[in-house]
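One structure is given below, encoded as structure tokens.
Just so it is clear, none of the values below were taken in a lab; they were calculated from the coordinates. If you're wondering where the values come from, they're calculated on a predicted model, not measured in any experiment. All Cβ positions, even for glycine, are placed from backbone atoms using ideal geometry, and neighbour counts span all protein chains on display.
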Amino acid sequence: MKDILIQVKNLSTAFREEGRVTQILYDVNFNIYKGEVLGIVGESGSGKSVTSKTLMRLIPEPPAQILGGEVLFEGDPNQNVLKYTENQMCSFRGEKVAMIFQEPMTSLNPVLTCGYQISEALLLHQKITKAEAKRRAIHMLKMVGIQSPESRYNCYPHELSGGMRQRVMIAMALCCSPELLIADEPTTALDPTIQAQILELIGDLQKKNGMTVMYITHDLGVVAETCQRAIVMYAGRIMEVAKVTDLFRSPAHPYTEGLMKAMPKLHEKCDRLYNIEGNVPNFAQMPQGCAFHDRCPDCMEICKTQQPQLVEIGEEHQVRCWKAQQAAGCAQGV
Amino acid sequence: MATQIVKKLLSIIPLVLIISIIMFALINMLPGDAALALLGDSGTLEQVEQMREELGLNDSMPAQYWNWLKGVLQGDLGDSMFTGQPVIDRITERMPVTFELILLSVVFATIIGVPLGIVCAVKRNHMSDYILSAVSMVGVAMPAFWVGMLLIILFSTKLHLLPASGYVPFFEDPLGNLKTMVLPVFATGIALTATIVRQTRSAMLDVLGQDYMMTAKSKGVKYRVQLFRHALKNALIPVITAISMQIAGMIGGSVVIETVFLLPGMGKSMVDAIFQRDYPIVMGEALVIAVFIILLNTLVDVIYIFIDPRISHSGKRK
Amino acid sequence: MKRFEELKASNFYKVWRKLIRRRVAAIGLVVCAILVILVIFGDFLSPYDPQAINTPEALQGPSLSHPFGTDEMGRDVLSRVIYGARLTMLVSVVAVAISLVAGTALGLVSGYVGGWVDLVISKFIEALSAFPMVMFALTISAILGPGMRNVMIAIGVAYVPAFARIVRGMVLTVREREYIENAVSVGLNWFEILIRYVLPNVSSVIIVQASLAAASAILSEATMSFLGVGVQAPEASWGTMLKTGYNYLSMAPWMSVFPGIAIVVVVLALNFVGDGLRDALDVRLKMD
């Protein structure tokens, strides 16, 4: 059995605006195992970003509100991140879990030097001198592939390109060797050539340090290239969890299938890209039954009225779909 | 950086010239002239003519302007048409009062306004935010001289705590000086305080919503440090702009504040000069005030270069 | 043509809805409406003749018969505040109209024509902005002489640079848009383009600036009248009332308190409306 790094149990998050409460996450359950590379896939608005930000309690509360659930560090019931005090939270963030964001252009503070922003993180979590922090920060800059790190140390973010800034972000996130790195769409805002470099860099560092990485992405290509396991989210719910090889070989959920079909393929000629009919449902007006039923090509009667549960249909393969469960011969109830 | 500062300083010159021309043109449109005003009804036509000749009023306009400008470049702003006092003396005599008034008001407003603005932003949509925001809306809407009058009613005539008027130079009696300045400074500073509160609030809210604040939080930076080191430095840039833009208005406001509190400053002096049609005084003081404000704006631009690293490279923000 | 009218009507309606949904803006509008009523029906609403001298009752504090007290000549302060609303608003509205027309014209021409015209106008604007508005207005009214008409002109002229600067900035951004290029390529001359294409695009900025300028014009009027160059006695504006009140500060503070409160309330209301309009029209006033 693999060691659990983070266990998310029944997590539900909502946004409260002008008295209206809109639920964003519905009973999210999953584990992150030590040393693995996990991908969370979904369209924008599927709740994948909120999930990752809830893990680190980065979403502003209010307006967000965690309705219930637990986030257990190392699966230990006594280490519920959601119950941490502010001080515990500050040593958890950055030291145990670090995050890099989608927009390198705006994720660095424009009035502080890159070097300062890295060594600040070091000084926060480790008892070292300023000179030592600077030395290590420069070492980190070198490690993420920045040329002449000594001079870049004193650069302000606006003096660097987008790819360079993302490297600085990575250096900042990894400088305290966190156990989990959450990468929230780390390459979406970058040029395709730079994208590959950044993914490769994260992959190398992950292998070298035995770190756990969680990718948040809408790009199945990124998942295929980098992850071992993937979670497919839709409308605030986990739809399918599987090893990446299984997911691509035999996707069980019609939504996952749709996502696969929508991916452009290099070696096949096609006149038109496939797209899934309809739109992600509005969080304020969730359809009854399965959240995906009105877009689903294989919708059955039961899908319109009853919500399916997340059920194990194979080794490390769970799916939330009536049809897939029937096919696997493990239909619950009804 | 040095070349930028020099460039900024050089760009002042044409502005000052334009201002002096505008002022000169305006002053020469003033009805009546000093010769008539000086002699009153008793002067004969010849006397008036002679007086005009002496004062140089019979020269052509460009010539009068040129004479004045030549003098200015040699440090001579002319003499008052009424008292004969050199304009530069009058300015050096009156300027410290106005300068002290403005300086104290800015310091007062900044010390009070910035922290309150931060409180508003942090406690957004809480009671304290609502109250402070409402109070600062009212603060902006009050005429400064009316605030001064209310302060006189309350602190001078009712409570007898502070003098309603008068002025003691700081170096003669520091305590007495401060005592006479409390009410004028409060009256002048209240609108600025309110503006600073509003500006700081909106700038902080803007900055707190930025991605890099989430980055700081994700690093494990403590809340207090997030606020002061990561947010405030970014938020101060628009606040400084707001302060610098208010100072021109405050110098204008000093005209009426000095009238209310009978302070012998430049504002009062200029109003008197306008009514007496004492051209050299009005010209000289207008020039000094305009140069002061332009220098101040330049100083603010230079401060930006230090606060905002983005400027020193691109030359302009964004 | 009819459809165009409909569109405009619905647009206006949308902005109106957004405006009144904001509570403070709605309060501001209500206060402005009350003010308009006072200005129009002041004669019927004021309890006394604002000019009626009644020396035996001079300098009386607030009471049931004179809620705001009486002034040095026994005139009812409440009636004079109501009466003063008229002149104060007149000065403010006319002054803003002057600066709006002149400033918009200068800004449009400067921003659209560009070249040396822009250089001259913008340097002029920049130079005038470096001079305190009150002092500028004072100088102008010293030239024109005291009196209500002249103070309107003085404040109006003093506010021209602010309008011109904002409109110029907007024109510079609008000018680059494609529909302007299209209009040029179709062969419209610059005057037509300015009026038909540029002006509507900067109008929301002008509207917001006008409502905020109206508020600050009231403050300027008060200042000018206080210094003695504005509305002259026995006519009453709130500013002249404060000027008289200043001489009776210790004896009759109510003479200064109530006109001042009137100023604050109206300025506040206009600021509320201005801020509300800015949000409803989604305008960001650039001050550079």
Extending each Cα 7 Å along its Cβ direction at A:Glu132 and C:Asp282, get the distance between those two points in nm, one decimal.
-> 5.4 nm
Kirkwood hydrodynamic radius of the protein assembly as shown from all distinct Cα pairs, in Å?
-> 32.8 Å
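How much FRET efficiency would the formula 1/(1 + (r/R0)^6) give for B:Asp89 and C:Val120, where r is the Cβ-Cβ distance and R0 is 51 Å, rounded to 0.05?
Working: r = 36 Å, r/R0 = 0.71.
The formula returns an efficiency of 0.90 here.
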From the backbone phi of the range B:82-90, what are the Karplus-calculated ³J(HN,Hα) couplings (6.51 cos²θ - 1.76 cosθ + 1.60, θ = phi - 60°) in whole Hz, Gly and Pro given as x?
-> 9, 9, x, 5, x, 4, 5, 5, 4
Amide H neighbours of A:Ile24 under 5 Å, counting only residues 5+ apart in sequence or on other chains, H built in-plane at 1.01 Å?
-> A:Thr13, A:Ala14, A:Phe15
Looking at the protein assembly as shown, send over the antiparallel percent of its DSSP beta bridges, to the nearest 5.
-> 65 percent
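What net charge is computed for the residues neighbouring A:Thr85, neighbours being all others with C-beta under 13 Å from the C-beta of A:Thr85, Lys and Arg scored +1, Asp and Glu -1?
Numbers: positive: A:Arg57, A:Lys83, A:Arg93, B:Lys222; negative: A:Glu86.
Surrounding charge for A:Thr85 is +3.
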Overall Cα dimensions of the range A:1-102 - principal axes, largest extent first, Å = 44, 33, 26
Stretch A:Arg16-A:Ser250 to full length: gain in nm at 0.36 nm per residue minus the Cα-Cα span?
-> 80.4 nm
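May I ask you to derive the FRET efficiency for B:Val107 and C:Ala26 from their Cβ-Cβ distance with R0 = 30 Å, giving the value to the nearest 0.05? List each step's numbers first, then the result.
Details: r = 38 Å, r/R0 = 1.27.
For B:Val107 and C:Ala26, the calculated efficiency is 0.20.
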For A:Leu67, C:Leu194, A:Leu141, order by how many other beta-carbon atoms lie within 10 Å, fewest first = A:Leu67, C:Leu194, A:Leu141
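Taking Cα atoms of chain A, Rg/Rh with Kirkwood Rh, to two decimals? The partial results should precede the final answer.
Numbers: Rg = 20.9 Å, Rh = 21.1 Å.
For chain A, the value is 0.99.
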Residue by residue, what Karplus-based ³J(HN,Hα) values in Hz, rounded to whole numbers, does the range A:190-200 have, using 6.51, -1.76 and 1.60 with θ = phi - 60° and x for Gly and Pro?
-> 9, 5, x, 5, 5, 3, 4, 4, 5, 4, 4
At what distance in angstrom do the alpha carbon centres of the range A:119-134 and the range B:81-96 lie from each other?
-> 60 Å
Residues meeting the amide H criterion for A:Tyr234 (H placed from the backbone, H to H distance under 5 Å, 5 or more places apart or on another chain) are A:Met239
Give the order of A:His139, A:His317 when sorted by the count of other beta carbons within 10 angstrom, beginning with the fewest.
-> A:His139, A:His317
Between the modelled labels at B:Trp66 and C:Tyr248 (7 Å from Cα along Cα→Cβ) the distance in nm is 5.7 nm
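If eta is 1.306 mPa s and T is 10 °C, what Stokes-Einstein diffusion coefficient results for the range C:206-288, Kirkwood Rh from Cα pairs, in µm²/s?
Numbers: Rh = 13.9 Å.
So the translational diffusion coefficient is about 114 µm²/s.
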Under 20 Å from a label point 7 Å along Cα→Cβ of B:Asp59: give me every residue in the range B:77-111 with its amide N that close.
-> B:77-89
Excluding C:Ile193 itself, what net charge comes from residues whose Cβ is under 11 Å from its Cβ, given Lys and Arg +1 and Asp and Glu -1?
-> 0
One can check that the equivalent ellipsoid of chain C, built from the alpha-carbon gyration tensor with semi-axes equal to the square roots of five times its eigenvalues, has lengths in Å, largest first, of 41, 23, 14
Treat the range A:72-184 as a sphere of radius equal to its Kirkwood radius over Cα pairs and apply Stokes-Einstein at 25 °C in a medium of 0.890 mPa s; give the translational diffusion coefficient in µm²/s, rounded to a whole number.
-> 168 µm²/s
Taking Cα atoms, how many degrees apart are the long axis of helix C:254-281 and the longest axis of chain C, rounded to 10 and kept between 0 and 90?
-> 20 degrees
Of C:Val101, C:Ile155, C:Ala142, whose Cα points farthest to the positive end of the dipole of the range C:44-162 (charges on the beta-carbon: +1 Lys, Arg; -1 Asp, Glu; origin at the Cα centre)?
-> C:Val101
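For A:Gln147 and B:Ala134, FRET efficiency with R0 = 51 Å and r from the beta-carbon atoms, rounded to 0.05?
Details: r = 54 Å, r/R0 = 1.06.
According to the calculation, E is roughly 0.40.
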What is the fewest-to-most order of C:Tyr48, A:Tyr215 by other Cβ atoms lying within 10 Å of their Cβ?
-> C:Tyr48, A:Tyr215
Can you pick out the pairs among A:Lys53/B:Lys222; A:Lys243/B:Lys219; A:Lys142/B:Lys233 whose Cα atoms lie more than 20 Å from each other?
-> A:Lys243/B:Lys219; A:Lys142/B:Lys233
Rounded to one decimal in nm, the spacing of the 7 Å Cα→Cβ label points at C:Phe12 and C:Arg196 is 2.2 nm
By how many degrees, between 0 and 90 and to the nearest 10, does the Cα long axis of helix C:115-129 differ from the longest principal axis of chain C?
-> 20 degrees
Compute the acute angle (0 to 90°) between the alpha-carbon long axis of helix B:61-73 and the principal axis of greatest extent of the alpha-carbon atoms of chain B; round to the nearest 10°.
-> 60 degrees
Vicinal HN-Hα couplings computed from phi for the range A:208-224 (Karplus, 6.51 cos²θ - 1.76 cosθ + 1.60; Hz; Gly/Pro x) | 4, 9, x, 7, 9, 10, 10, 8, 10, 7, 9, 9, 4, x, 4, 4, 4
Would you mind pulling out the separation of the Cα centroids of the range C:187-224 and the range B:176-195, in Å?
-> 34 Å
Taking H placed 1.01 Å from N in the peptide plane, check which residues at least 5 places from B:Asp308 or on another chain put their amide H under 5 Å from its amide H.
-> none
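From the alpha carbon gyration tensor of chain B, can you work out the equivalent ellipsoid semi-axes (sqrt of 5 times each eigenvalue) and give them in Å, largest to smallest?
44, 27, 15
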